[in-house]
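One structure is given below, encoded as structure tokens.
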Amino acid sequence: MPISKVSDFKAAWHSEIIHHERAVVFFFATWSPPDKMLGQLLEKIIPDFEDKLKFFSVDIDEINWENEPDIQALLGMLRLYTTPLLSLVKHGEVITDSIGYRSETDLREMLSTWADQ
């Protein structure tokens, strides 16, 4: 499966995401049409980038926001203010991100650049 679906973001962050050289985290909401469109496009093109990028997807409606100040701080560091959001993370540091839907050409170009960072 090309995108690792994250059910516990806090645990996945500490056990998986920060340990990758180049992790792409896709934050989305299932009820959002642009998020669905970007998710479908990612599923289509990720196989072309799997050798250099590790992909994770996070449904923002499944994040436990209540009584979790550390998760709120983490999501603030990731600049999660709207979706869809793609974040490039290298060993726990956000290198860059992209907000909103992109065409297939733009997305391929962006991921190619990210794969070489």
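What follows is calculated from the coordinates using simple rules that are stated; it is not laboratory data. This structure is a prediction, so every number in the text was calculated from the model and none was measured. A quick note on method: Cβ atoms are made from the backbone with ideal geometry, for glycine too, and the neighbour counts reach across all protein chains shown.
Using the Cα centre of segment 3-115 as origin and beta-carbon charges of +1 (Lys, Arg) and -1 (Asp, Glu), tell me which of A12, I60, V25 is placed farthest towards the positive end of the dipole. Final value for the positive-end residue is V25. Each stretch of four or more DSSP H residues adds -39500 (n - 2.57); spread over every residue of the chain, this sum gives -10500 deg cm²/dmol at 222 nm. Which of rounded, prolate or oblate describes segment 1-65 when judged by the alpha-carbon gyration tensor and an a/c cut-off of 1.5? Verdict is oblate for segment 1-65. Among (1) 13.6, 38; (2) 13.2, 41; (3) 21.2, 69, which one is Rg and Dmax of the Cα atoms in Å computed from these coordinates? For Rg and Dmax of the Cα atoms in Å, the calculated option is (2). With K and R counted +1 and D and E -1, the other residues having a Cβ less than 10 Å from that of D59 yield a net charge of -2. Taken about its Cα centre, the chain carries a charge dipole of roughly 180 debye when the Cβ of each Lys and Arg holds +1 and the Cβ of each Asp and Glu holds -1. Taken over the chain, lysine pairs spaced eight or more positions apart, or on distinct chains, with alpha carbons under 22 Å apart number 13.
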